[in-house]
1. Positive end of the charge dipole of the chain (Lys, Arg +1 and Asp, Glu -1 on Cβ, about the Cα centre): tell me which of THR149, PRO55, THR94 has its Cα farthest that way.
2. Over the chain, what is the mean sequence separation of C-alpha contacts under 8 Å (at least six apart), divided by residue count, expressed as relative contact order in percent?
3. Show that you can apply the helix-only estimate: for the chain, add -39,500 (n - 2.57) for every DSSP H stretch of four or more residues, divide by all residues, and state [θ] at 222 nm to the nearest 500.
4. What fraction of the Cα pairs in segment 124-193, stated in percent, has a spacing above 19 angstrom?
5. Hey, what's the per residue convex hull volume over the C-alpha atoms of the chain, in cubic angstrom?
6. Under a Cβ-only charge scheme (Lys and Arg +1, Asp and Glu -1), can you give me the dipole magnitude of segment 6-190 about the Cα centre, in debye to the nearest 20?
7. Among rounded, prolate and oblate, which fits segment 1-58 when a ≥ b ≥ c are the square roots of the eigenvalues of its C-alpha gyration tensor, a/c under 1.5 means rounded, and a/b larger than b/c means prolate?
8. Within the chain, what's the longest run with no GluC sites (Glu not before Pro) in a DSSP loop and at most 15 other beta-carbon atoms within 10 Å? Give the range, please.
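What follows is calculated from the coordinates using simple rules that are stated; it is not laboratory data. Just so it is clear, the model here is predicted, and its values are computed rather than measured. As a convention, Cβ positions derive from the backbone with ideal geometry for all residues, glycine included, and neighbour counts pool all protein chains shown.
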Amino acid sequence: MSDTPLVWYVAYGSNLLTDRMLAYLVGCGDDRPWGPHRGARDPAPALDDRRVVVPHPVHFGGHSTRWDGGCCICPAEAPHPDAMPVVGRAWLMTYGQIQDVIAQENGMPTDAASLPDAPPGPGEAVVVVDGVIDLLIGMDPIDGRPAVTFGSTAPPPPGPPSLSYRQVLAEGMAEMGLTPEEAEAHLVDLDRS
């Protein structure tokens, strides 16, 4: 696997917020709401980003000790017909950085994640790490480049998020131009607890 190819990582949840995404790439101390992160082997920031729709049924689930509540979980299935389109943010980064991010999502060292030589194609999902967020899910390309998101083969049951987690999501949505009312509607839709 090479660190050179560029891939769109389609984020949801707290990774909508620039500062949160940077924690996975450049690292941060324990003074942030999400706690310390080691950063990626290649600490370069994402080359581009844009608002997208995540074509999967993301919802709040489980209980994160980091956030003291449920976090966004994404099964590799089609979205529910009555759900709002899930707000996502595509970050253009190297495939190697994707490995670092998914490992850190699971609180593991980078080499615990084993990515295939090339990103999975649209509709394909590959188990890449032994953790809750264990899937690399292929999506339709963006501007001719592969796009992936992270998912779970065994999503935890629905669970309400903490206020701090909701706030980080709302701030990320605001960065992408959503009004507070639009962000709140999306946050309510994610909560199935």
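1. Sorting the options by dipole projection puts first THR94.
2. Across the chain, relative contact order equals 28 percent.
3. Per the formula, -7000 deg cm²/dmol.
4. Of all Cα-Cα pairs in segment 124-193, 55 percent lie more than 19 Å apart.
5. 107
6. Result for segment 6-190 is approximately 180 debye, rounded to the nearest 20.
7. It comes out oblate by the Cα gyration axes.
8. It works out to 1-76.
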